[in-house]
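See structure below.
The values are calculated or read from the model by the stated rules, or taken from the named source; none is laboratory data. Keep in mind the model is a prediction, meaning the values are calculated, not measured. Every residue, glycine as well, gets a Cβ built from its backbone with ideal geometry; the counts of neighbours run over all protein chains shown.
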Amino acid sequence: MTHSRLKFSAAPGRTVALFEGHEIADSDKALVLKEGDYPPVVYFPREDVELGVLRRTDHTSRCPFKGEASYFTLYRDARVVENAAWSYEDPIEGVELIRDHIAFYPQHVEIRHEGGEAAPHVPPHDPPYADTTDPRDV
């Protein structure tokens, strides 16, 4: 069962992720996760992400509501950003929707919605509850 603080919705129309002006994800099936008071996070289906610019890292974090996150470094045009994206590859029961999806840190990747409109400004943040193991710590 999905935890009540997690609210999933479909992203409005086509959603694009840009890194240094280059499109690295383009999807009409992206998901938006609103978690408590944290800024919304866009999750792109893996098949809609240019996986050639991502390399898995050893970094992980744990969320009591979603499970363990794996991280990816972003490589493009000699620019390298460590742990710029994350994915819940084996999410806990109730949040399976984000399996096979990738999210990007907003300080590194610009998210745009259909029509060229930028997504609402999202300040830099870690995935909600990153590195938390006990829900009482939240």
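Within the range 5-48, the residues that satisfy the criterion of being within 25 Å of A78 (Cβ to Cβ), among the acidic types (D, E) and over 14 Å from the mean Cα position of the chain (by Cα) are E20, E23.
Do the conditions hold for G67, that is, is it over 13 Å from the mean Cα position of the chain (by Cα) and touching a residue at least 60 places away in the same chain (Cβ under 8 Å)? For G67, the condition - over 13 Å from the mean Cα position of the chain (by Cα) and touching a residue at least 60 places away in the same chain (Cβ under 8 Å) - is not met.
Count of the range 80-99 residues, restricted to those that are surrounded by 20 or more Cβ atoms within 10 Å (Cβ to Cβ) and hydrophobic (A, V, I, L, M, F, W, C), is 4. Taken together, the residues in the range 3-52 that are surrounded by 15 or more Cβ atoms within 10 Å (Cβ to Cβ) and assigned to a strand (DSSP E or B) amount to 21.
Residue by residue, here is whether (1) modelled with pLDDT of 95 or more; (2) out of contact with any helix residue (DSSP H, G or I) (no Cβ under 9 Å at 6 or more places or on another chain); (3) farther than 19 Å from D100 by Cα holds:
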{"site": "S4", "(1), (2), (3)": "no, yes, yes"}
{"site": "S9", "(1), (2), (3)": "no, yes, no"}
{"site": "P12", "(1), (2), (3)": "no, no, yes"}
{"site": "S27", "(1), (2), (3)": "yes, no, no"}
{"site": "F44", "(1), (2), (3)": "yes, yes, no"}
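Per the listing A103, A84, the residue uniquely closer than 15 Å to F8 by Cβ and of a type in the set (G, A, S) is A103.
Looking only at the range 70-94, how many residues end up being in contact (Cβ under 8 Å) with a residue 12 or more places away in the chain and in a strand (DSSP E or B)?
So in the range 70-94, the residues in contact (Cβ under 8 Å) with a residue 12 or more places away in the chain come out as 70-77, 79, 81-94.
Those left that are additionally in a strand (DSSP E or B): 70-76, 79, 81-87.
So the count comes out to 15.
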